[in-house]
Amino acid sequence: MKRVLFLSFLAMLCSCDDGDLQIEAVNFDDVGIDSCNNVDDATETTFFFKTDGDEALLLTLNGGLLENTTSLDGSITSSISTTGTPQLLYRLFTDDVSESYFCDAVPPLEPTVLAENFATGGEITILTNVSSVTAGDKIYNHNITISDLSLTNDSGERLTDTSILEYGDFNTSTSNSPSLEVPFSNYGNIAISICGTPPTDNFVRLYKLLNDEFISLDAPTSLFANSPTGETPRIDSLKTTTQSQFKNTVLNVLATADMACSTSITQEMIVGDFSSIDGAIKVSTTASEPNADGIVSYTHTITLDGLSLLLKRDTDESNDVTLEEIETMTFGTLVTTDQ
């Protein structure tokens, strides 16, 4: 079980003008992470600090560790450096310290630093997943922990703690898939997959996985008949009164095929659920020339027109949000054969 680090510095003496100063304890358990908000993209933030009165715990990360994608536990790590970054240090000041001390272009002259302790070892781990979804954004939570921490004071005395320091949580955001400049364009290069178990008789479920989300389409199998459509595509409605449905499901874990096919997904995994309430499925089919074995391939191009999505927030329908209509969206292409 993880336990929050309580840093004891008994017998660590640091010199100051007022005589010997003894740092007895440092505890930032209930203090949130701050940053200077001086970057255009929050994932580019590398400097973080926690202040508690006249104390501060400063963390500098390497660039590129924060991304707006869900990660596997333990997959994002970085070792604390004694000469560069990442770096962790504790400071004790002569008085309460504020954000301006760390973020102003010209830091205030007061307070001043009484004591400073550097981390000389430790492993930083960042676990990232989606914490919430709005009509326009996905909000990611980055949980930062430090294990096997080793701190050294000005006198060279060292404290090693093998427990886990919960440094805290930092949030970033990015546009969700329906709200991109070209809605769902992030799925463009992902091939369509088919669920082995149909959602209902004479229907098929098609899906695409993308990190912590997926899109799925329940459609009649008749839309994908092995015959060219010519200039008139096959059409089916996406109204709430029909069985055909498009969904964009956002999770707090990595998406899998089983989840898209609804065999291993739970409500606790779902952070955001965008479901079609209006629109149309259009399928245009072309046929290839027979191959050497006489087999003909049929390419079905699937588009969704006039797509209206509802973001279900919770069990209270009054909190649901209807998104702006998407004029047209390319779901992708599906290839079938006559064999």
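The values are calculated or read from the model by the stated rules, or taken from the named source; none is laboratory data. Just so it is clear, the structure is predicted and the values come from calculations on it, not from any experiment. Backbone-built Cβ (ideal geometry, glycine too); neighbour counts: all protein chains shown. SASA here: full protein model, heavy atoms, side chains in, ligands and nucleic acids out. Shrake-Rupley method; radii C 1.70, N 1.55, O 1.52, S 1.80 Å.
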Val283 vs (1) farther than 18 Å from Glu324 by Cα; (2) open to solvent by 50 Å² or more (accessible area, probe 1.4 Å); (3) under 37 Å from the mean Cα position of the chain (by Cα): all pass except (2)
Could you please let me know if Asp169 is open to solvent by 40 Å² or more (accessible area, probe 1.4 Å) and assigned to a strand (DSSP E or B)? yes
For the range 90-115, the count of residues that are open to solvent by 50 Å² or more (accessible area, probe 1.4 Å) and within 16 Å of Ser150 (Cα to Cα) equals 1
Please verify whether the range 301-313 includes one or more residues that are at pLDDT below 95 and within 30 Å of Ser71 (Cα to Cα). yes
Expected output for the range 236-263 (first residue farther than 25 Å from Lys138 by Cβ, partner buried (at least 17 other Cβ atoms within 10 Å of the Cβ) and of a type in the set (Ser, Thr, Tyr), Cβ below 6 Å, 6+ apart or cross-chain) is Asp236/Ser244
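Of the residues that sit in the range 66-89 and are β-branched (Val, Ile, Thr) and in contact with a strand residue (DSSP E or B) (Cβ under 9 Å, 6 or more places away or on another chain), which one is farthest from Asp148 (Cα to Cα)?
In this case the residue turns out to be Thr69.
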Listed by first then second residue, the pairs whose first member lies in the range 318-339 and is assigned to a helix (DSSP H, G or I), whose partner is open to solvent by 30 Å² or more (accessible area, probe 1.4 Å), with beta carbons under 7 Å and at least 6 positions apart or on separate chains, are Asn319/Arg313
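Residues that are touching a strand residue (DSSP E or B) at 6+ places or on another chain (Cβ under 6 Å) and closer than 30 Å to Ile326 by Cα: does the range 141-148 have at least one? Give the derivation first.
Step one: list which residues in the range 141-148 are touching a strand residue (DSSP E or B) at 6+ places or on another chain (Cβ under 6 Å), which gives 141-148.
Still in the list and also closer than 30 Å to Ile326 by Cα: 141.
Scanning the range 141-148, I find at least one residue that is touching a strand residue (DSSP E or B) at 6+ places or on another chain (Cβ under 6 Å) and closer than 30 Å to Ile326 by Cα, so the answer is yes.
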Only one of Leu72, Leu59 is at pLDDT 90 or above, within 26 Å of the chain's Cα centre (by Cα), under 30 Å from Val271 (Cβ atoms) and surrounded by 14 or more Cβ atoms within 10 Å (Cβ to Cβ), namely Leu59
